[in-house]
Amino acid sequence: MNELFSRVNALPTPTIPAIRPIRREVSRRVARFAASEVLDIVRAIVYRSLGEGERDLRWVGYEIAHYHRPTLASLDRATLENLGASLDSWDSVDVFSLYLSGPAWRNGQISDEVVHRWAGSEDLWWRRVALVSTVALNLKARGGTGDVARTMPVCRMLAADHEDMVEKALSWALRVVEQHDRRAVEAFLAEYDHCLASRVKREVRTKLNTGRKNPRRTPTVQGAS
């Protein structure tokens with residue numbers, strides 16, 4: 001773990017693409033470790049990332065857990081809530097949700113009730129976790145095959161939530177599930193039109209109408225009057 005931080009800190013430009021080969025090397029090294037050993041490493045990375053002056057490498061820990069199959073298969077509610085106890089930004093939430101909580105939910109390791117409890121949390125970051133976890137159910141690039149039945153109840157719970165990070169996650173969740181059930185999303189927009197944030201309605205309707213999140217801008221013609 002110390003070597004991980006040292007190597008990252010030695011990079012001239014420690015971007016995610018530059019760090020990821022180091023993460024892959026760590027994943028190869030721990031490939032035959034037991035899940036409990038890998039979880040200890042991940043917890044150590046998360047804990048150190050929270051230290052004053054330390055680089056935030058929580059996402060590296062979450063990726064290590066995701067790509068170690070026994071570890072991913074071992075995740076339950078208590079373990080996830082322990083690993084996610086420090087979530088405090090959209091980027092930490094999104095990696096956690098796409099790589100850990102979403103796949104665990106998709107694979108039946110946590111129940112719908114657990115995700116609904118997160119959706120009802122006073123902590124806005126756990127509410128975002130609930131929504132972004134639905135993306136892992138539906139986004140093909142993340143292994144999702146479509147699960148409208150589990151996605152829409154979470155969206156309903158947070159339809160009237162106007163925290164910025166929750167609004168953005170709701171828009172994302174709806175735009176992804178639309179690929180599997182357009183009518184369900186259209187019905188949701190109609191039912192919750194009275195309370196949905198303008199951003200959510202605009203982005204999702206644009207996706208429904210154009211296939212894009214934002215409308216394509218018309219180029220400005222130089223010299224036109």
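Helix-only arithmetic for the chain: the sum of -39500 (n - 2.57) across DSSP H runs with n ≥ 4, divided by the residue total, places the mean residue ellipticity at 222 nm at -18500 deg cm²/dmol. Number of Lys-Lys pairs in the stretch 70-225 under 15 Å by Cα, sequence gap 8 or more or different chains? Count of close lysine pairs: 4.
Give me the log10 of I(q) over I(0) for the stretch 125-167 at q = 0.18 Å⁻¹, as the Debye formula computes it from C-alpha points; what are the numbers? Result of the Debye calculation: -0.50. How high is the relative contact order of the stretch 138-202, in percent, with contacts defined as C-alpha pairs under 8 Å that are six or more residues apart? Value for the stretch 138-202: 37 percent. Rounded to the nearest whole angstrom, the semi-axes of the ellipsoid equivalent to the stretch 70-109, taken from the Cα gyration tensor as √(5λ), stand at 17, 11, 7, largest first.
How much of the pair distance distribution for the stretch 97-221 lies past 17 Å, counting alpha-carbon pairs only, in percent? Summing the P(r) of the stretch 97-221 above 17 Å gives 54 percent of all pairs. Taking every alpha-carbon pair under 8 Å whose residues sit at least 6 apart, the stretch 95-225 reaches a relative contact order of 19 percent. When every Cα-Cα distance of the stretch 10-121 is counted in 5 angstrom steps from zero, the calculated P(r) takes the values 2, 12, 22, 25, 20, 11, 5, 2, 0 percent. Hey, any idea what % of the stretch 66-225's accessible area is carbon plus sulfur with a 1.4 Å probe? Within the stretch 66-225, the accessible surface is 47 percent carbon and sulfur. Once the 1.4 Å probe is applied to the protein heavy atoms, the chain comes out at 51 Å² accessible per residue. Each principal axis of the chain carries a Cα extent, and these read 57, 54, 31 Å when sorted largest first. For the stretch 74-156, the Kirkwood estimate of the hydrodynamic radius, built from every pair of different alpha carbons, is 12.3 Å.
The values are calculated or read from the model by the stated rules, or taken from the named source; none is laboratory data. Just so you know, these numbers come straight off a predicted model, no measurement behind them. For accessibility, only protein heavy atoms count, side chains too; no ligands or nucleic acids. Shrake-Rupley method; radii C 1.70, N 1.55, O 1.52, S 1.80 Å.
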